[in-house]
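The structure appears below as structure tokens.
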Amino acid sequence: RDGRTSPVELTIPVWNDGDDNTASVIIRDIRVRKQAEEHIRAQTEALVEAKTRAEAAARAKSEFLANMSHELRTPLNGMLGHAELLLDDAGLTPDQRRSAERIQAACTALLTVLDDVLDFSRIEAGRIALEVHSFSPRRVVEDAVAIIRGVAENKGLQVALDLPRDLPSALLGDENRLRQILLNLLNNGVKFTAIGEVRVTVAARPAVEAGRHVLR
């Protein structure tokens, strides 16, 4: 009567009763159902919009990281090149040669990180490929400790290194990623230690599978 319009559902079953046809008209008010459907539609649109924004943000992040990694790679390659030139100098003192080797190791570790950033899509998909080659576990650990030693000493911390005598002289594995893991652990150790020392202890034992070692 007041002119309002409401959504309804109309059902008209018809049946025959002798010579007469009978119809029953059933009208259901479906306002509540329509309101629920509208609410779901609005939520779906909001989710689609949020997904679109998230995908755009992810693309922007990937592009930014790729651009930044390219920008960082240029000066880093320069540093690595100069370190290699220094190492070619036969006139270096032992201390100078060790310092140049530490610079070279630090630059190599950072280049590994930049390679990961450039391959960001594969990281997100969990498809990182390990590079397997022969390396010295002793040298990897010593290089990582040498890289963070200066930062630790500036905080008044000592850095201790315990390497077992039976540590294998050579293993097959991804040297660069192992070094990066060690650097992450060591940097956290230095960051969250206020006084005392950061100690690196390496334990090695043969694995159950022949020809393999477990390093801890």
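Could you tell me whether any residue of segment 12-20 is of a type outside the set (D, E, K, R) and within 54 Å of the chain's Cα centre (by Cα)? No: zero hits. So, Val25, is that one surrounded by fewer than 10 Cβ atoms within 10 Å (Cβ to Cβ) and free of Cβ contacts under 8 Å to residues at least 60 places away in the same chain or not? It is true that Val25 is surrounded by fewer than 10 Cβ atoms within 10 Å (Cβ to Cβ) and free of Cβ contacts under 8 Å to residues at least 60 places away in the same chain.
The residues of segment 151-170 that are hydrophobic (A, V, I, L, M, F, W, C), modelled with pLDDT of 90 or more and open to solvent by 30 Å² or more (accessible area, probe 1.4 Å), listed by number, are Leu161, Leu163, Ala170. With a requirement of 2 or more residues that are more than 25 Å from the chain's Cα centre (by Cα), the strands (runs of 3 or more DSSP E) lying completely within segment 133-216 that satisfy it span 158-162, 197-201, 204-206. Open to solvent by 100 Å² or more (accessible area, probe 1.4 Å) and in contact (Cβ under 8 Å) with a residue 24 or more places away in the chain: is that true of Arg4 in this structure? Answer is no for this residue.
Determine, yes or no, whether Leu76 is surrounded by 15 or more Cβ atoms within 10 Å (Cβ to Cβ), of a type outside the set (Gly, Ala, Ser) and part of a helix (DSSP H, G or I). Criteria met by Leu76. Residue count for segment 132-150, restricted to those that are at pLDDT below 85 and open to solvent by 80 Å² or more (accessible area, probe 1.4 Å): 1.
The values are calculated or read from the model by the stated rules, or taken from the named source; none is laboratory data. Quantities reported herein were computed from a predicted structural model and do not represent experimental measurements. Here Cβ is always computed from backbone atoms with ideal geometry, including for glycine, and neighbour counts include all displayed protein chains. The area values use the complete protein model at the heavy-atom level, side chains included, leaving out ligands, DNA and RNA. Shrake-Rupley method; radii C 1.70, N 1.55, O 1.52, S 1.80 Å.
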